[in-house]
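Down below is the structure, laid out as structure tokens.
The values are calculated or read from the model by the stated rules, or taken from the named source; none is laboratory data. Computed from a predicted structure; not experimentally measured. To get the accessible areas, we keep the full protein, side chains included, count just its heavy atoms, and leave off ligands, DNA and RNA. Shrake-Rupley method; radii C 1.70, N 1.55, O 1.52, S 1.80 Å.
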Amino acid sequence: MTLKLHRRCVSCQCVAIRDTFWRVVRVPIASTDENPNEAKAKHDQNQIQLDHGMGRSAYLCKKLECLQLAQKKNRLGRSLRTQIPPEIFDILKSRL
């Protein structure tokens, strides 16, 4: 028996099988500094990856409307609790 994993789009809230979405992942940058102030500053930085990685993730439909809404209303940023670079939206738009 195959288990189908369902996820929800952060823009339109539709539920579907995980493979039908883009996955956007926030991966924290690990720090090894001894200075606690520098370690906290580096801990607050995050890296955004697409489709793979271990960390907090959000899912987005592969539709232009959902992509535009996620960018306009900062849905990905709020879901991942970090700033989303504009390059991520450019990459996703080029995949359409």
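Quick notes on this one:
- Residue within the stretch 60-67 that is open to solvent by 80 Å² or more (accessible area, probe 1.4 Å), under 16 Å from the mean Cα position of the chain (by Cα) and modelled with pLDDT of 95 or more present: yes
- Look at (1) modelled with pLDDT of 95 or more; (2) part of a loop (DSSP other than H, G, I, E, B); (3) open to solvent by 70 Å² or more (accessible area, probe 1.4 Å) and you find that Arg8 fails only one, number (2).
- Each residue in the stretch 72-96 was checked for being open to solvent by 30 Å² or more (accessible area, probe 1.4 Å) and in a helix (DSSP H, G or I), and 11 of them qualify.
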